[in-house]
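Engineer: Take this structure first; my questions come after.
The values are calculated or read from the model by the stated rules, or taken from the named source; none is laboratory data. None of these values were measured; they are calculated from a predicted model. Because the Cβ atoms are built from the backbone with ideal geometry, glycine has one as well, and the counts that use them run over all protein chains shown. Just so you know, the surface numbers come from the protein's heavy atoms only, side chains and all, with ligands and any DNA or RNA stripped out. Shrake-Rupley method; radii C 1.70, N 1.55, O 1.52, S 1.80 Å.
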Amino acid sequence: MHRNARSSYGFLVAFGCSLLTLCGVFSVFVGGAASLSFAALTALQVLSALAWLATFVRRARARFQAEEKERLTVSLDLEISLLMLVGVHAIVQAAGGLTGQLYPLVYVLVAFVASFATKPTGTVLVAAAVVFEAALYFFTERRVDPQPYFLHATFIVFFGLMNLLFTRVEIERVREKSKRALDDDKREALASARRYRLLDAPSQRAERDEQRLYRASVEEVHQALHYTLDLLKRTLELHTCALFLFEGNGADADHEGSEPRSRADDTSANSERFRLAEIVTDSTDIADGPFTGAEGAVGAVLKRAMTMNIEHVKQGFRGLCYYRGNTHVRAFLGVPVIEGGKVRGALCADRLVDRPFSARDEDIVERAVRHVLRAMENERVFVQLERTKSEQTVLHHASQALGAALTEEAVIEAGLAAAAEIAPYDFAAVTRYDAEHKRHSVRRAVGEGADELKDLSFRDNTSLTAMAVKNRHYLPFRGGFDGERQVVYTRSESLRGMQSLLILPLLVREDPVGTLALAARRPEAFSAAVRPTLQVLSNQLAVALANAESVRRLEQLATTDGLTGCLNKRAFLDELAKRLKSAERFGKRVSLIVTDIDHFKRVNDTYGHAVGDHVIRGLGEILRALKRETDVVARFGGEEFCILCEETDARGALLLAERVREELKARSFESDQGPVRVTCSLGVAEFPEDARNDTQLFELADKALYHAKQSGRDRVCLSPRKQAMHG
């Protein structure tokens, strides 16, 4: 209570001041000019008191409720706003009341709070202002004409809503502008990285890390270029020294699937756009482009792929595209930037003095071009090393996760997580391929549209998945996807809204075991920059899936009878002990049925062991077909089988045993000597009524089986105790 009281100081003070205002305490000072001076003094005193109260309230609330920061902020804003509302009305009352000269202060306060306070605070303040003024107008000042009050209330609501609306709109506009600026900055960083050929194609892999890497690399290149150009400018006494590069040079020129361009192709590409990459100049009238390959002297350097030295440039020459208006340049030198037989850009220099560039000057600029290329190449190598290190780290972690996963579900989960780190996707799926039956099945799908593919199974068809398995090669070749024309799995199941797709075959020693499919809404999500890493991951995933399948088979062999598919003796005894322990804990009944085939040795001796195995396999099939989902069937040895029936008494187990006996008696088994028919005998015991532990339960069921055989076979007998009860 003490804490709640101290946290309510602001509201209590506001309530007390409002009572004083409603009693008209401040109206006693009305009276001429002196009253206005006194009102101003009172206003200063009230504002000072309110400021002190606001500070006190904030400190007290922060001390006692610091753990509730969000609620505390709203409460503090509301307390201070109410204090200010009461204080302003006190000033208004001292200066002549609601019709006095200072009444507009109420509008100012409402507009201020609605603009800068939280939305709930602004709404409450507007409501409080309307209600409080009604009390002052009709009770304190005893006015009867409601029209002035309604006019004031309308303006209060108007000021509150307008400022609230305009402020929120302005805030949203600023946020949107900041977001656009940030996006533009990111795009410019990627564009610069492609311009310097630090990356081959746009990629979203490890987006945040790559953004930082590209920004740092672009900054390093800019610094190296600026230093080189500044040194040239000082050494050759230049007016401007500028480096131009083709837009998207690296990405476009070396993009996967594009034909390599010859020198002639480069020089004839007049329509290509180039942009100012770095400049050192004394001019303030510079244009940064983009420009086309046919523009002026720079375009000629790019087109001809040779050095251009223009002497005695005419006054007002407009052939230099990087100046916005007329220039006073008298000498120009342009050297093409050629790398790998391709024109990447041009390094240009000019002078205002009529002093042509000499052969020595040309040699210096050409050496500077080689230095520029080395700077970009060094940073390009650094970026590739960093990306390779990042890829190796992801693959290392993926290898560890895949190696530790022993089930198919765990392997697929680890593989999809690693793929998301390499190339973020909007959809991913793993399929398994059954080569014997030529059938594909979706084992796991995540992302958009994944629910529609749950438990999907389809035979070999003309889909991209089937073709990737047949060709043992990823599809589509360029990573693009057209949902209207391309089929991923079946025609009825399509990936809507995706622009990028990559289906990787999962191969183990060139044998396909399935596919890994990744899809994204953004274009070029799985380009040549990330595809090799994804292929390595798919190989690891394929091996891990094969290992998981081997582990599953080993576990199955360790617990399952190879002939019948039922549990073996060891696994059954473990399961029997667990089920009885659970039944004892929860007070449930468990019944055990033991059975074997009558005169089975005669079957083996007469028809051979192959027919005997066929008969044993047939009994196992009958038992597994008739049992409930919670029941356990095991081959205990030879022709002997056991059925453990959970939450079943002896009577229920007896009914199941009779069905088993009848099913086996009615079944015919083929042999070289004609049809073979056999019967079985069964014994039933119940826990805990017949036995107190698993050993006793099995012994009693076995005795019941022995009694069935002694009684003529082809029958079901209960445990000796049950027989005594019913006999």
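Engineer: Check N270 against each of (1) part of a helix (DSSP H, G or I); (2) open to solvent by 10 Å² or more (accessible area, probe 1.4 Å); (3) at pLDDT below 60 and name the one condition it does not meet.
Structural biologist: (1)
Engineer: Restricting to the stretch 311-324, name every residue that is over 28 Å from A375 (Cα atoms) and either not in a loop (DSSP other than H, G, I, E, B) or not aromatic (F, W, Y) (or both).
Structural biologist: Once the filter is applied, which keeps residues that are over 28 Å from A375 (Cα atoms) and either not in a loop (DSSP other than H, G, I, E, B) or not aromatic (F, W, Y) (or both), the stretch 311-324 yields E311, H312, V313, K314, Q315, G316, R318, G319, R324.
Engineer: Moving to a separate point now. Look through the stretch 468-485, keep the residues that are among the basic types (K, R) and modelled with pLDDT under 90, and return whichever of them is least open to solvent (accessible area, probe 1.4 Å).
Structural biologist: R478
Engineer: Please work out which one of (1) in a helix (DSSP H, G or I); (2) surrounded by 13 or more Cβ atoms within 10 Å (Cβ to Cβ); (3) modelled with pLDDT of 75 or more is the condition T154 fails and give its number.
Structural biologist: Among (1) in a helix (DSSP H, G or I); (2) surrounded by 13 or more Cβ atoms within 10 Å (Cβ to Cβ); (3) modelled with pLDDT of 75 or more, T154 violates only (2).
Engineer: Restricting attention to the stretch 216-223, does a residue exist that is closer than 30 Å to D285 by Cβ, open to solvent by 40 Å² or more (accessible area, probe 1.4 Å) and at pLDDT below 75?
Structural biologist: Checked the stretch 216-223: no residue is closer than 30 Å to D285 by Cβ, open to solvent by 40 Å² or more (accessible area, probe 1.4 Å) and at pLDDT below 75.
Engineer: Considering only residues that are on the phi > 0 side of the Ramachandran plot and open to solvent by 20 Å² or more (accessible area, probe 1.4 Å), which ones fall in the stretch 509-546?
Structural biologist: Within the stretch 509-546, R509, E510, E524 meet the criteria.
Engineer: Give me a count of the residues in the stretch 417-445 that are open to solvent by 10 Å² or more (accessible area, probe 1.4 Å) and within 21 Å of T388 (Cα to Cα).
Structural biologist: Number satisfying all stated conditions: 5.
Engineer: Going by what's in this entry, would T327 be described as within 52 Å of the chain's Cα centre (by Cα), at pLDDT below 90 and part of a loop (DSSP other than H, G, I, E, B)?
Structural biologist: So T327 does not fit the description; no.
Engineer: Specify the residue that is least open to solvent (accessible area, probe 1.4 Å); the eligible residues are those in the stretch 570-593 that are small (G, A, S), farther than 26 Å from L557 by Cβ and within 47 Å of the chain's Cα centre (by Cα).
Structural biologist: Per the stated criteria, the residue is A583.
Engineer: Could you tell me whether any residue of the stretch 244-264 is at pLDDT 50 or above and open to solvent by 30 Å² or more (accessible area, probe 1.4 Å)?
Structural biologist: yes
Engineer: Just to be sure before I move on: is R552 closer than 30 Å to G637 by Cα, modelled with pLDDT under 90, among the charged types (D, E, K, R) and loosely packed, with under 14 Cβ neighbours inside 10 Å in the structure I sent?
Structural biologist: Yes, satisfied.
Engineer: Here's a follow-up. Can you tell me which of E699, E646, E689, E658 is open to solvent by 40 Å² or more (accessible area, probe 1.4 Å) and free of Cβ contacts under 8 Å to residues at least 40 places away in the same chain?
Structural biologist: Unique residue meeting the criteria: E699.
Engineer: Quick check: is even one residue across the stretch 341-359 open to solvent by 40 Å² or more (accessible area, probe 1.4 Å), over 18 Å from L236 (Cα atoms), out of contact with any helix residue (DSSP H, G or I) (no Cβ under 8 Å at 6 or more places or on another chain) and among the basic types (K, R)?
Structural biologist: No, the stretch 341-359 contains no residue that is open to solvent by 40 Å² or more (accessible area, probe 1.4 Å), over 18 Å from L236 (Cα atoms), out of contact with any helix residue (DSSP H, G or I) (no Cβ under 8 Å at 6 or more places or on another chain) and among the basic types (K, R).
Engineer: A follow-up question, please. I'd like the full set of residues that are in contact (Cβ under 8 Å) with a residue 12 or more places away in the chain and either of a type in the set (D, E, K, R) or farther than 30 Å from G612 by Cα (or both), limited to the stretch 548-569.
Structural biologist: A548, E549, V551, R552, D561, K569
Engineer: Which ones in the stretch 301-316 are at pLDDT 80 or above and open to solvent by 20 Å² or more (accessible area, probe 1.4 Å)?
Structural biologist: Correct list: K303, R304, M306, T307, M308, N309, I310, E311, H312, K314.
Engineer: Would you confirm, using the coordinates I've provided, whether R677 is in contact (Cβ under 8 Å) with a residue 12 or more places away in the chain, in contact with a strand residue (DSSP E or B) (Cβ under 7 Å, 6 or more places away or on another chain) and open to solvent by 20 Å² or more (accessible area, probe 1.4 Å)?
Structural biologist: No; evaluated as a whole, the condition is false for this residue.
Engineer: Based on what the data block shows, is D455 modelled with pLDDT under 90, at positive phi and in contact with a strand residue (DSSP E or B) (Cβ under 8 Å, 6 or more places away or on another chain)?
Structural biologist: Spelling it out, D455 is indeed modelled with pLDDT under 90, at positive phi and in contact with a strand residue (DSSP E or B) (Cβ under 8 Å, 6 or more places away or on another chain).
Engineer: Here is a follow-up. Report, by residue number, each residue of the stretch 376-412 that is within 17 Å of A542 (Cα to Cα) and surrounded by fewer than 17 Cβ atoms within 10 Å (Cβ to Cβ).
Structural biologist: H396, H397, Q400, G403, A404, L406, T407, E409, A410
Listed here are the residues, each with its yes/no results for (1) modelled with pLDDT of 85 or more; (2) more than 28 Å from the chain's Cα centre (by Cα).
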residue	(1), (2)
R360	yes, yes
H371	yes, yes
N378	no, yes
E386	no, no
H396	no, no
Y425	yes, no
R432	yes, no
